[in-house]
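Encoded as structure tokens, the structure appears first; notes follow it.
The values are calculated or read from the model by the stated rules, or taken from the named source; none is laboratory data. No experiment lies behind these values; they were computed from the predicted model shown. Using ideal geometry, Cβ is built from the backbone for each residue, glycine included, and neighbour counts are taken over all protein chains shown. When the accessible area is computed, the model is the full protein with side chains, heavy atoms only, and any ligands, DNA or RNA have been set aside. Shrake-Rupley method; radii C 1.70, N 1.55, O 1.52, S 1.80 Å.
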Amino acid sequence: FKGGDTCEYLLSSGRFLGEKVWQPHSCMMHKYKNSEAKNCLLDRHVAFIGDSRIRQLFYSFIKLLNPQVKEEGNKHGNILFEDKSASIRVDFLWYPEVNGSMRQRIKSWTEDSVAKPHIIVAGAATWSIKIHNGSNEGLTQYKINITSIAPLLEKLAKSSDVYWVLQDPVYEDLLSESRKMITNEKIDAYNEAAVRILNSSSRNSKAKVKVFSVSKLIAQETIMKSADGLHLPESSRDTNAMILMNVYCNKIMKPIDGSCCQPQPPLTLIQKLAFCFFTLSIIGYLIISLIHRNNYRKNKSCTDLESGEEKKPAINTPNVSTLEMLLHSFCKLGLIMTYFYLCDRANLFMKENKFYTHSSFFIPIVYILVLGVFYTENTKETKVLNREQTDEWKGWMQLVILIYHISGASTFLPVYMHIRVLVAAYLFQTGYGHFSYFWLKGDFGVYRVCQVLFRLNFLVVVLCIVMDRPYQFYYFVPLVTVWFMIIYATLAIWPQIVQKKANGNCLWHFGLLLKLICLLTCIYFLSYSQGVFEKIFSFWPLSKCFELNGNVYEWWFRWKLDRYVVFHGMLFAFIYLALQKCQMISEGKGDPLFSNRVSNILLFISVVSFLTYSIWASSCKNKTECNELHPSVSVVQILAFVLIRNVPGYVRSVYSSFFAWFGKISLELFICQYHIWLAADTKGILVLIPGYPMFNVLVSTFIFVCVAHEISQITNDLAQIVVPKDNSTLLKRLLCIGGFFSGLLLFSAMQDQSRH
């Protein structure tokens, strides 16, 4: 892969994904909306000059600005379009032949006194073939004429974007008698002449006429759907217009999902500092390793020359120091972050658009399901939602979510609604797990809070620095972080009610229920008070964490979408632990949770509820309406799954070690996918090995999973160092962390000021 300028690939190569989705070679194409197209072409003049095929491209182009435009008027004359609100002018100039008239028009633009179009799109040949009846004399004249025009176009290319559109193939069986002389052989000869002559005098110059040859590839796939064998069907013309828009606008608008023609973003001050830090960490670790290695060699056992006996070393090999472990972790992390940057910020690897098909989603789902069932083992304990079972649950959900993302299944509403339940189930586990811990242990110490916050946020903070992305961009981590703090505040605020205290007096149970009711009331109030919610999170420095694209709406949307499910998880944990304490459930190996009759009734209700939700989700027609109902009904399928998984004793006593392994690194998998498995911040797919989609997915997945596992180990190692158990040491570390974030906010403010 040559790397560098992806515009060349956008203009010359690609393939169809399905029937209508065009995939340029090596990069992603953005689908421009009317408002985006207008912003890009603000105060611009665009000129299309050529024959009826160029006229078709002209209409498709202006429909990106105004979809209401109709193709009417004089077909063999000039057509003018103007959008006064955005000061955009787009002209079509009828010059069906490359001749003196076209040369005169182009020459008039080269004069200094004349305002030049910002974009010029030219092309013609079929009329020349038709008028000269496909003779060689016609081709000779075409070469002479294009040779006279080429220097003028090259001169214009120094100040404007100039495109020469090569001729598309025809479908000869559909051509009328008057056009039978227009053959694909003749078209190829004319195209070859144009390519050879254009830019011949400016081979080494940066300003060149861009040859728009990709339309030939598009036409080869779609020309058989043409009405007359000569003109492209509308969908193909629209694709060409969208390519043209991407070539010009991507470098101006910089859309996330439009990597074609986008230059590599410059390094920010924070990124440069991070690079220096990781470089110093690597150097420091290498120095310490060399020192230890030399010490080890000096102290290594050696043979006494006089007695011939082996002497023991006087000093034992020292244990790995905290500093060495710290530098070792940052050394590995630095190398991993370099890979992240190369994958999703440098123009080194290819990126492609997603394309959804049912098979691309459901076949991998079946495959991982079979693998998961194959690796079935007995659990160490048989309690409801034991550690192995929750790891398994998180594991298979994470794998399904990954397949959902890489296959682009969000376009299929039934799949989208079921994935929303999986995200809600993660938050349900957050409520269940943290409530259970605080209720049973009664540990509200700073150490516990710092450990959880560090493990949740470490990777995301590093990625915000290295990848230059806001905290809210990785929306799931802010979500679980805020909900953890809400759970902690609810239970830690006076009176602190834990199981040990409640066992002495049943009234404490009612006190806890009262706390939960207050929490539910606050959630309900905030969910219907968008203004209050946005004001709370718009205060500095909270706004730096929760703003995305200049506002906190995205954070409001994400929070509101699953606003009740954490409460449901807390309530379920309270009821389950109360039933367990009263010995109303049986959790022995192989035993059903309740009596056979009650267990069977619960199982029946759970299966019916599970299927009912799936039927409702599959019948969704409108994403907005279904999202409104989701917060209230998602708990139905979650609870149904929990009961199906735990009521029968034999099901509760086994788990999939395959899914559980992935469950232990589920957070890292969820975050790492943004940049080293997907691409362009999840909008596309990373291509390490072009031309072999399946092999590429296998290789990129292997690296992705290994990296996620390694980051999980690094996070665990650093958590022990950064968050010690000793309170005085922990306080010092917290002051250092506070200083680090203060510096980060300062540098971030400096960056924002320089950008504006």
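Answer yes or no: is there a residue in the range 399-421 that is within 30 Å of residue 628 (Cα to Cα), part of a loop (DSSP other than H, G, I, E, B) and either open to solvent by 30 Å² or more (accessible area, probe 1.4 Å) or not assigned by the TED database to the domain that holds residue 547 (or both).
Yes, the range 399-421 contains at least one residue that is within 30 Å of residue 628 (Cα to Cα), part of a loop (DSSP other than H, G, I, E, B) and either open to solvent by 30 Å² or more (accessible area, probe 1.4 Å) or not assigned by the TED database to the domain that holds residue 547 (or both).
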Exercise. Looking at the range 672-702, which of its residues are crowded, with 17+ Cβ neighbours inside 10 Å, in a helix (DSSP H, G or I) and hydrophobic (A, V, I, L, M, F, W, C)?
Worked result: 672, 676, 697
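With a cut-off of at least 3 residues that are closer than 30 Å to residue 714 by Cα, name the helices (runs of 4 or more DSSP H) lying wholly within the range 623-669.
Values: elements: 623-646, 649-652, 657-664.
Per the criteria, 657-664.
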Problem set entry | Any pair with Cβ under 9 angstrom, 6 or more apart, that starts in the range 506-521 at a residue that is more than 15 Å from residue 436 (Cα to Cα) and assigned to a helix (DSSP H, G or I) and ends at one that is polar (S, T, N, Q) and at pLDDT 95 or above | 515/490; 518/490; 519/490
Exercise. Looking at 540, 559, which is the one that is of a type in the set (Phe, Trp, Tyr) and either touching a helix residue (DSSP H, G or I) at 6+ places or on another chain (Cβ under 7 Å) or part of a helix (DSSP H, G or I) (or both)?
Worked result: 559
Problem set entry | Conditions (1) under 38 Å from the mean Cα position of the chain (by Cα); (2) farther than 30 Å from residue 266 by Cα: number failed by residue 147 | (1)
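This table checks each residue for (1) touching a residue at least 24 places away in the same chain (Cβ under 8 Å); (2) under 28 Å from the mean Cα position of the chain (by Cα); (3) on the phi > 0 side of the Ramachandran plot.
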| position | (1), (2), (3) |
| --- | --- |
| 239 | yes, yes, no |
| 253 | yes, yes, no |
| 256 | yes, yes, no |
| 261 | yes, yes, yes |
| 269 | yes, yes, no |
| 272 | no, yes, no |
| 285 | yes, no, no |
| 288 | yes, no, no |
| 293 | no, no, no |
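Looking only at the range 443-470, which residues are part of a helix (DSSP H, G or I) and of a type in the set (D, E, K, R)? Can you show your working first?
Within the range 443-470, the first condition is being part of a helix (DSSP H, G or I), and the residues that meet it are 446-466.
The answer is 448, 455.
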For this session: Would you check which residues across the range 271-280 are within 27 Å of residue 350 (Cβ to Cβ) and either open to solvent by less than 70 Å² (accessible area, probe 1.4 Å) or not hydrophobic (A, V, I, L, M, F, W, C) (or both) and list them?
Result: 271, 272, 274, 278
Seminar exercise, completed: Taking the range 16-52 and the residues there that are among the small types (Gly, Ala, Ser) and surrounded by fewer than 21 Cβ atoms within 10 Å (Cβ to Cβ), the one that is farthest from residue 223 (Cα to Cα) would be 35
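Does residue 478 satisfy the condition of being over 18 Å from residue 576 (Cβ atoms) and open to solvent by less than 20 Å² (accessible area, probe 1.4 Å)? It would help to see each step written out before you state the result.
Values: over 18 Å from residue 576 (Cβ atoms): yes; open to solvent by less than 20 Å² (accessible area, probe 1.4 Å): yes.
Against the criterion (over 18 Å from residue 576 (Cβ atoms) and open to solvent by less than 20 Å² (accessible area, probe 1.4 Å)), residue 478 qualifies.
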Problem set entry | Filter result for the condition that a residue is out of contact with any Cys (no Cβ under 6 Å at 6 or more places or on another chain), outside any helix (DSSP H, G or I) and within 28 Å of residue 172 (Cα to Cα), over 244, 217, 232 | 232
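Among helices (runs of 4 or more DSSP H) lying entirely in the range 93-183, which contain 3 or more residues that are over 27 Å from residue 73 (Cβ atoms) and open to solvent by 10 Å² or more (accessible area, probe 1.4 Å)?
Numbers: elements: 100-110, 126-131, 136-156.
It comes to 136-156.
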Seminar exercise, completed: Considering residues that are open to solvent by 10 Å² or more (accessible area, probe 1.4 Å) and more than 21 Å from residue 428 (Cα to Cα), the number found within the range 636-650 is 2
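Identify, from the list 593, 611, the residue that is part of a helix (DSSP H, G or I) and either in contact (Cβ under 8 Å) with a residue 24 or more places away in the chain or in the same structural domain as residue 501 (by the TED database) (or both).
On the way: 593 fails: part of a helix (DSSP H, G or I).
None of the others qualify; the one that does is 611.
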Problem set entry | Condition met for residue 205 (over 18 Å from residue 50 (Cα atoms), touching a Pro at 6+ places or on another chain (Cβ under 9 Å) and at pLDDT below 95) | no
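If I filter the range 533-542 for residues that are surrounded by fewer than 16 Cβ atoms within 10 Å (Cβ to Cβ) and at pLDDT 95 or above, do I get at least one hit? So that I can check it myself, show each step before the final result.
Our first condition is that a residue be surrounded by fewer than 16 Cβ atoms within 10 Å (Cβ to Cβ); within the range 533-542, this holds for 535-536, 538-542.
Okay, now just the ones that are also at pLDDT 95 or above, so none.
No, the range 533-542 contains no residue that is surrounded by fewer than 16 Cβ atoms within 10 Å (Cβ to Cβ) and at pLDDT 95 or above.
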Exercise. What are the residues in the range 578-598 that are polar (S, T, N, Q), under 28 Å from residue 506 (Cβ atoms) and more than 43 Å from the chain's Cα centre (by Cα), if any?
Worked result: 583, 586, 595
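Which one is nearest to residue 151 (Cα to Cα) among residues in the range 77-92 that are among the aliphatic types (A, V, I, L, M) and part of a strand (DSSP E or B)? Walk me through how you get there before you give the answer.
Start the filter on the range 77-92 by keeping residues that are among the aliphatic types (A, V, I, L, M), which leaves 79-80, 86, 88, 90.
Add one more test, that the residue is part of a strand (DSSP E or B), and what stays is 79-80, 88, 90.
On the way: 79: 26, 80: 27, 88: 28, 90: 24 Å.
Taking the candidates together, the pick is 90.
Pick out the one residue from 565, 552, 633 that is in contact with a Pro (Cβ under 8 Å, 6 or more places away or on another chain), surrounded by 13 or more Cβ atoms within 10 Å (Cβ to Cβ), farther than 29 Å from residue 378 by Cα and among the β-branched types (Val, Ile, Thr).
Working: 552 fails: in contact with a Pro (Cβ under 8 Å, 6 or more places away or on another chain); 633 fails: in contact with a Pro (Cβ under 8 Å, 6 or more places away or on another chain).
Just one listed residue meets the conditions, 565.
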For this session: Tell me, yes or no, whether the range 214-236 has at least one residue that is touching a Leu at 6+ places or on another chain (Cβ under 7 Å), under 16 Å from residue 48 (Cβ atoms) and either without any contact (Cβ under 8 Å) to a residue 24 or more places away in the chain or open to solvent by 10 Å² or more (accessible area, probe 1.4 Å) (or both).
Result: no
